[in-house]
Amino acid sequence: IDQISHNEFQSLVKSAFLRSRPAMKTGISASNIASMVKQMYNTVKNSKYVDTTIEDFNKDMRGGFVVGNLYSLIGRGGTMKSIVSAEVAMNNAMKGVPSAIFNMEMSNMALFDRIYLRIFMRSFIEEVQKGNITEEALANIEIKIEDAFKGNLRIVSEVDLEAKDMTQAINRTQDEMKKKINLAVIDSMNSMKMHGESEALTAF
């Protein structure tokens, strides 16, 4: 009946946590490494991997990105994080891995130009500007793009998304494709709906 404020609620939770924390610590113990053998075997046996596109990374990670894990590319602006991420998705899609790009940072034109460049080794924008691509050529371009990716690359161009929005988009896409998405590139954290003004919290 009596509503408590958000700050009051936070204080109660923090107080309860601090009081229960000493008791929780007593239940923690170190594992014998030998006892982990079967667990590690099952983990490796049931893991799927996708190509990082960088051979040294694939080698160091014993096969590439593990499907189901989150990998963050962190760096200053202009260090090509978006370009590398898009390349990872395109490379995997061309190899038959169902992939999705949540394109929240580049314009659709910039992303499409990179996709076109990957297939035709030329800029779509420049080719249209020069008059080398006409409307009559578009159907043939569509066929070549579809053939290159075999329907394995999907783009979501929305901003201010939360995890549940992404999950819904992936579920709908999987239903349409009749395939499981094995790689989702989210570009970028800055364009997601922020939680607590923290990128780390948003990522979790």
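Descriptive notes on the structure:
- Considering residues of the range 149-163 that are outside any helix (DSSP H, G or I) and of a type in the set (A, V, I, L, M) only, the residue farthest from K178 (Cα to Cα): V159
- Residues of the range 122-148 that are assigned to a helix (DSSP H, G or I) and within 19 Å of S82 (Cβ to Cβ): F124, I125.
- Candidates A86, A30, A110: the one that is at pLDDT below 95 and open to solvent by 60 Å² or more (accessible area, probe 1.4 Å) is A30.
- One residue alone among A169, A184 is part of a strand (DSSP E or B), surrounded by 14 or more Cβ atoms within 10 Å (Cβ to Cβ), out of contact with any helix residue (DSSP H, G or I) (no Cβ under 6 Å at 6 or more places or on another chain) and not β-branched (V, I, T), and that residue is A184.
- Unmet criterion (only one of (1) more than 15 Å from L183 (Cβ to Cβ); (2) open to solvent by 80 Å² or more (accessible area, probe 1.4 Å)) for Y49: (1)
- Pairing each residue of the range 28-50 that is within 30 Å of A184 (Cβ to Cβ) with any residue that is surrounded by 10 or more Cβ atoms within 10 Å (Cβ to Cβ) and among the polar types (S, T, N, Q), provided the two are 6+ apart or on different chains, yields C-beta distances under 6 Å for V50/N92; V50/N182.
The values are calculated or read from the model by the stated rules, or taken from the named source; none is laboratory data. Note that the structure is a prediction, hence the values are computed from the model and not measured. Because the Cβ atoms are built from the backbone with ideal geometry, glycine has one as well, and the counts that use them run over all protein chains shown. These accessible areas exclude ligands, DNA and RNA; they are computed on the full protein's heavy atoms, side chains included. Shrake-Rupley method; radii C 1.70, N 1.55, O 1.52, S 1.80 Å.
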